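The values are calculated or read from the model by the stated rules, or taken from the named source; none is laboratory data. Because the structure is predicted, anything quoted here is derived from the model rather than measured. Please note: Cβ atoms are built from the backbone with ideal geometry, for glycine as well, and neighbour counts cover all protein chains shown. We work out accessible area using only protein heavy atoms, side chains counted, and drop any ligands, DNA or RNA first. Shrake-Rupley method; radii C 1.70, N 1.55, O 1.52, S 1.80 Å.
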Amino acid sequence: MEECSTGALVPAVKPEPKLSSVEASADPGSNDMDRPAHEKGLTEVDKDLLCPICMQLVKDAFLTACGHSFCYMCIITHLRNKSDCPCCAQFLSTNQLFPNFLLDKLLKKASARQISKSASPVEHFRQALQQVQTHLQFIKEDIGAVERRRMDLYRARDRYSVKLRMLGGDDSISGARKSWPSSIDNNTSSLSGRAGMSSWNLQSKKLDGWGLQKKDALSASDSQYMTQSGLAVARKKRVHAQFDELQECYLQKRRQWRTNHIPSKNGKKIRMRVIAELRHGDLFHPANIVSSIEFDRDYELFATAGVSRCIKVFDFSSVVNDPADVHCPVVEMPTRSKLSCLSWNKFTKNHIASTDYEGIVTVWDVNTRQSVMEYEEHEKRAWSVDFSCTEPTRLVSGSDDCKVKVWCTRQESSVLDIDMKANICCVKYNPGSSNCIAVGSADHHIHYYDLRNPSQPLHVFTGHKKAVSYVKFLSNYELASASTDSTLRLWNVKENIPVRTFKGHTNEKNFVGLTVNGEYIACGSETNEVFVYHKEISKPVTWHRFGSPDLDDTDDDAGSYFISAVCWKSDSPTMLTANSQGTIKVLVLAA
């Protein structure tokens, strides 16, 4: 099953031509047209009205103790790194900054005059918006300062209360301790804006004086508590800052070990263990490739299909529990053409749908071994079919004819067609809705449609570099996709964003299967291995290599096999896997 390379090519978007340096310099007045109105008038304003730091018109002027004026944000940012005046280098702190109301008033009048002369209504609005944003920034800073001070006061209250209790504490001390909360709340509520900074300083001095009077009460244990707490916070910050690097380093080490297991939470090692194995056909026969393997509604039966032109249904419990070397299917249904995909009806247990290389979509009754409906509208090979999880009569299919068709088991023709520009490789219903489907195509994209408005997709997910071979839903809003670019990707269809890319397996030309189960994603590889990923980790957590007891791994033919189909048993660590040799294995994650 090769990549759909015959699909229509996506036309490239021609980039807009860029102006050369000669063309750009030919219109010297173009830059002036883009400059805001208040900047056009800067040349006419006295240079003394410019901020010495940003060299722009002073905004929210503040005066230092040494007599120089700056923008409030400029001087505050400067004092976070240094403690001197940018103009005269004298010592300067935030306590020595005072609002320059007169200069600020003059600057606002000058700026208003310049804007009123030459600015457009848009420029007026832009200027007002900038002022609102500046005020909001000031308010956020004040709120942050108040919150930090409030937490400091609460922590100080707790520490001093402990020391007072240790000293025995008389009635007056107890009364003082009880008055702490109200005092703190009153002082905290008074800290609103820069006008409240003076009361903040006054309260700090009172607290410092009270702390000096009780200096003897601070023992070595208090200092040790503060030191340990600070070290713990610092360690936590370092771990959070370097978490991604630590995870990547860990995963690289695990890959270097090249083992088939990973440590579990209880310290034991987990690996993929084979609990059953069967043959889909004769050994070395070229018509043994299993294209699709699927569990039924109750996970009691599973069906296989491929190039052997036959649907085989097996009893799962018999395969797992019977030690026989050869397992016979309970049902066999021959078909006219090679099969590409199977899908069981989620409501009617005995109904299963198939697609074949001639483009025919067939609904079968497993009990009677006869076809219930046959749809022959596709003009080329049909790659995928899927029954709706919420509407038992609806199913959707995709084909090389670039069309997605929605069918109803009660009608002989399709109820809806979506004509796309590239070959369709896979289709899947959203498990929570019969109106939403995901479509993977040869244009490297995933198209997410609402069937109530099929004229255009709700969203197109881009990121894969080759054809999208499979799409599967982990939940109503999590979508996994596989591509022949050797990657899996996880998407959020609710917020229309990519979540994670998974790498580790090899997939460049064949369709190797994809299956999901809660938090786990599994796929095949062209190295004849099955890989399992956790949705939160971009590297494989475990893998299993197929081996044939009748072939030596060093044989040249052994390297030509690949995994062709995988399927999880829902809410279980058990998984069905099949390869191009016709070998079917039942794997389980076990310690």
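Starting from the range 432-530, pick out the trypsin sites (Lys or Arg not before Pro) whose DSSP state is loop and whose Cβ has at most 16 other Cβ atoms within 10 Å.
Taking the range 432-530 and a limit of 16 other Cβ atoms within 10 Å, the loop trypsin sites (Lys or Arg not before Pro) found are Arg452, Lys465, Lys494, Lys509.
If each residue of separation counts as 0.36 nm, what is the full-extension length gain between Asn81 and His124 once their alpha-carbon separation is subtracted?
Here the answer is 12.0 nm.
Roughly how many Å² is the accessible area per residue of the range 45-115, as a whole number, for a 1.4 Å probe?
I get 59 Å² per residue for the range 45-115.
Under 14 Å from a label point 7 Å along Cα→Cβ of Thr462: give me every residue in the range 483-505 with its amide N that close.
498
When every alpha-carbon pair in the range 45-115 is counted, what percent end up more than 15 Å apart?
Beyond 15 Å sits 49 percent of the P(r) for the range 45-115.
Sequence gap of 8 or more, or different chains, plus Cα separation below 22 Å: how many lysine pairs satisfy both in the range 45-115?
8
Got the relative contact order for the range 315-431 handy, in percent, Cα pairs under 8 Å and 6 or more residues apart?
In percent, rounded to a whole number, it is 18.
Please compare each pair in Lys466/Lys509; Lys236/Lys535; Lys338/Lys466 to a cut-off of 21 Å on the Cα-Cα distance and tell me which ones are over it.
Too far apart for the 21 Å limit: Lys236/Lys535; Lys338/Lys466.
So which of Lys349/Lys403; Lys405/Lys539; Lys140/Lys163; Lys312/Lys349 end up more than 26 Å apart by C-alpha?
Pairs exceeding 26 Å: Lys349/Lys403; Lys405/Lys539; Lys140/Lys163.
In nm, to one decimal, how far is the modelled label at Phe138 from the one at Phe101, with both set 7 Å along Cα→Cβ?
Once both label points are built, they end up 1.3 nm from each other.
Given a Förster radius of 35 Å and the C-beta distance between Asp417 and Arg500 as r, what FRET efficiency does 1/(1 + (r/R0)^6) yield to the nearest 0.05?
Efficiency for this residue pair is about 0.55.
Using only alpha carbons, build the gyration tensor for the range 304-447 and give me the equivalent ellipsoid semi-axes, biggest first, whole Å.
27, 16, 15
Before anything else, pin down the relative contact order of the range 50-103: Cα pairs under 8 Å, at least 6 apart, normalised by residue count, whole percent.
In percent, rounded to a whole number, it is 37.
To the nearest µm²/s, what D does Stokes-Einstein give for the range 75-141 at 4 °C and 1.567 mPa s, using the Kirkwood radius over alpha carbon pairs as Rh?
Using the Kirkwood radius from Cα pairs, D works out to 89 µm²/s.
In the range 312-389, what GluC sites (Glu not before Pro) fall in a loop by DSSP, with at most 15 other Cβ atoms inside 10 Å?
For GluC sites (Glu not before Pro) across the range 312-389 that sit outside H, G, I, E and B with at most 15 neighbouring Cβ atoms in 10 Å, the list reads Glu358, Glu376, Glu379.
For the full complex of protein chains and a 1.4 angstrom probe, list Leu63, Leu474 by accessible area with the highest value first.
Leu63, Leu474
Roughly how many nanometres apart are two label points built 7 Å out from the Cα toward the Cβ at Met55 and Lys237?
Placing both labels 7 Å along Cα→Cβ, they lie 3.4 nm apart.
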